[in-house]
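Everything below concerns the one structure shown next.
The values are calculated or read from the model by the stated rules, or taken from the named source; none is laboratory data. Since the model is a prediction, treat every value here as computed from it, not as a measurement. Cβ placement follows ideal geometry from the backbone for every residue including glycine, while neighbour counts extend to all protein chains displayed.
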Amino acid sequence: MDKASQHSLAFVQGERVDLCKAVLLEWVTQLQLTQISATQAVNQMLHAFSAIEMQTLESSGAACHIDAIQKDRMYQGFQYQDRLNQMLDLVVRDIHRLYAVLNTEDADATSLRATDWLERLQNEFVMAEQHGLAPASNTARDSEAGNDVTFF
Amino acid sequence: MAQTILVIDDSASLRQVVGMTLRNAGYEVIEAGDGRQALDKLDGRKFAMAVCDVNMPVMNGIEFVKAAKQLPNYKFMPILMLTTESQESMKEQGRAAGAKAWMVKPFSPSALLNAVTKFCAV
């Protein structure tokens, strides 16, 4: 490859890196906005549910009775926002890490190997959903929710 | 007089869900957003037990358990770890630190109350 071709290739690669850096930061922003919006929505639902529960406790009648099983399911549903936040936090941290590597001229060669990168990332997974083993759905809820208690 | 439980989690919504579950069952609940805040609450008041998350900023749950076990007034306070972490190695760290139970989120309120009752028998 002649010098002109090398120069042209380096220029194109530099443009791609710049593109990645700009897009990665926007992805982080969008992910964080999504988390904030979803968390606010869940908190509002929790406050509303708490108020309904108070009314239920204060009224002795069955007019606003909440079925215990349905209540359990709602409580479990509320917890998925926290689960989702943990999953997205990890992705955001990884995007920042990638951005830092793209910004570093002399990045350690090992940090640029995709297999090493993904292995490190996967080692930080703590939930079945992160391994694609079970979606955050009824399957996960039924298999994990509350049944997995270990006493020491 | 109601027994008091210390609930430690960096997620406000999780603290609210755990708090609602325990308060509806007649317990008093004091909340903390991380291990450091929780240690500040251990100021002499009596807690029947603590329900503690693992992954938190500032001071994580394992560090909190270790620190609480160093305090004469709280070294026997039962601590239930309530976390998304289900790996055996993490459970072992919790056990070694001094936790009494390990429960995986998302929890069922009835199962949490069953576990709490084991430590808060009247």
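Tabulated data
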quantity	calculated
Residues that are under 13 Å from the mean Cα position of the chain (by Cα) and over 13 Å from B:Ala50 (Cα atoms), drawn from region B:91-102	B:Gly94
Wholly enclosed helices (runs of 4 or more DSSP H) of region B:55-122 bearing at least 3 residues over 19 Å from A:Val126 (Cβ atoms)	B:61-68, B:109-119
Number of positions in region B:21-37 that are in a helix (DSSP H, G or I) and either buried (at least 20 other Cβ atoms within 10 Å of the Cβ) or hydroxyl-bearing (Ser, Thr, Tyr) (or both)	3
Residue in region A:54-72 that is modelled with pLDDT of 85 or more, assigned to a helix (DSSP H, G or I) and surrounded by 13 or more Cβ atoms within 10 Å (Cβ to Cβ) present	no
Test result for A:Gln79, under 25 Å from the mean Cα position of the chain (by Cα), within 14 Å of chain B (Cβ to nearest Cβ), in contact (Cβ under 8 Å) with a residue 12 or more places away in the chain and surrounded by 11 or more Cβ atoms within 10 Å (Cβ to Cβ)	no
Residue under evaluation A:Gly146, criteria (1) under 21 Å from the mean Cα position of the chain (by Cα); (2) in a loop (DSSP other than H, G, I, E, B); (3) at pLDDT below 65, criterion not met	(1)
Answer from B:Ala115, B:Ala38, B:Ala48 - the residue that is within 13 Å of the chain's Cα centre (by Cα) and within 10 Å of another protein chain (Cβ to nearest Cβ)	B:Ala115
A:Thr139, sole failed condition from (1) modelled with pLDDT of 70 or more; (2) away from chain B (no Cβ under 11 Å)	(1)
Residues within region A:90-107 that are without any contact (Cβ under 8 Å) to a residue 40 or more places away in the chain and part of a helix (DSSP H, G or I), tallied	5
Pick from region B:1-20, criterion among the small types (Gly, Ala, Ser) and part of a helix (DSSP H, G or I), ranking: modelled with the highest pLDDT	B:Gly19
Single match in A:Gln32, A:Gln44 (criterion: under 25 Å from the mean Cα position of the chain (by Cα), modelled with pLDDT under 90 and surrounded by 10 or more Cβ atoms within 10 Å (Cβ to Cβ))	A:Gln44
Test: A:Leu102 is among the hydrophobic types (A, V, I, L, M, F, W, C) and either farther than 30 Å from B:Asp53 by Cα or modelled with pLDDT of 90 or more (or both)	yes
Sole exception among (1) at pLDDT 95 or above; (2) away from every other protein chain (no Cβ under 11 Å); (3) surrounded by fewer than 16 Cβ atoms within 10 Å (Cβ to Cβ) for B:Lys75, by number	(1)
Which numbered condition A:Gly14 fails, given (1) loosely packed, with under 11 Cβ neighbours inside 10 Å; (2) within 11 Å of another protein chain (Cβ to nearest Cβ)	(2)
